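Asks: Pasting a structure below so you can have a look.
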Amino acid sequence: QVQLVESGGGLVQAGGSLRPPCAASRSIFVKINAMRWYRQAPGKQRELVAGITSDGSTNYADSVKGRFTISRDNAKNTVYLQMNSLKPEDTAVYYCNAECSPRLTGRDFSSWGQGTQVTVSS
């Protein structure tokens with residue numbers, strides 16, 4: 001399995017910025033493919049915010065395009081979500097997700113972090 005640990009959430013005023021990292025544990029037996037950030041606001045379904053493949057291709061939800069940037073440091077097994085121009089509607093628990101492939105045998109699997117709270121005040 002791969003452990004994911006998010007950090008860097010917090011309380012910020014509207015218009016502010018945050019850059020939470022998500023660190024993945026290393027394993028010689030597992031290859032990490034795409035990594036994604038999701039978020040879930042109270043009373044709402046979890047939604048995809050941004051994703052990045054192992055070769056750096058990215059995709060974003062329409063609601064965050066132009067404001068958020070996802071990046072990854074493969075040497076550190078870490079993915080970042082640069083969030084600028086934050087709005088109150090960005091308030092949610094942000095979860096990191098990794099799609100993984102065993103290098104030997106076994107099926108592909110998905111790992112999740114525990115989440116980090118982001119609160120944007122107006």
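The values are calculated or read from the model by the stated rules, or taken from the named source; none is laboratory data. This structure is a prediction, so every number in the text was calculated from the model and none was measured. Neighbour counts are summed over all protein chains in view; Cβ atoms, including those assigned to glycine, are modelled from backbone coordinates with ideal geometry. SASA here: full protein model, heavy atoms, side chains in, ligands and nucleic acids out. Shrake-Rupley method; radii C 1.70, N 1.55, O 1.52, S 1.80 Å.
Asks: Is the stretch 26-34 home to any residue that is assigned to a strand (DSSP E or B) and out of contact with any Ser or Thr (no Cβ under 8 Å at 6 or more places or on another chain)?
Replies: no
Asks: May I ask you to list the residues in the stretch 8-42 that are surrounded by fewer than 17 Cβ atoms within 10 Å (Cβ to Cβ), over 16 Å from Val120 (Cα atoms) and small (Gly, Ala, Ser)?
Replies: Across the stretch 8-42, the qualifying residues are Ser25, Ser27.
Asks: Would you please name the residue that is surrounded by the fewest Cβ atoms within 10 Å (Cβ to Cβ), looking only at residues in the stretch 43-59 that are within 13 Å of Asp90 (Cβ to Cβ) and of a type outside the set (Gly, Ala, Ser)?
Replies: Among those that are within 13 Å of Asp90 (Cβ to Cβ) and of a type outside the set (Gly, Ala, Ser), it is Lys44.
Asks: Same structure again: Looking only at the stretch 76-115, count every residue that is open to solvent by less than 50 Å² (accessible area, probe 1.4 Å) and of a type in the set (D, E, K, R) and tell me the total.
Replies: Counting residues in the stretch 76-115 that are open to solvent by less than 50 Å² (accessible area, probe 1.4 Å) and of a type in the set (D, E, K, R) gives 1.
Asks: Suppose we keep only residues that are assigned to a loop (DSSP other than H, G, I, E, B) and of a type in the set (Lys, Arg) within the stretch 63-75. Which one would you say is least open to solvent (accessible area, probe 1.4 Å)?
Replies: Residue satisfying both the conditions and the ranking: Arg67.
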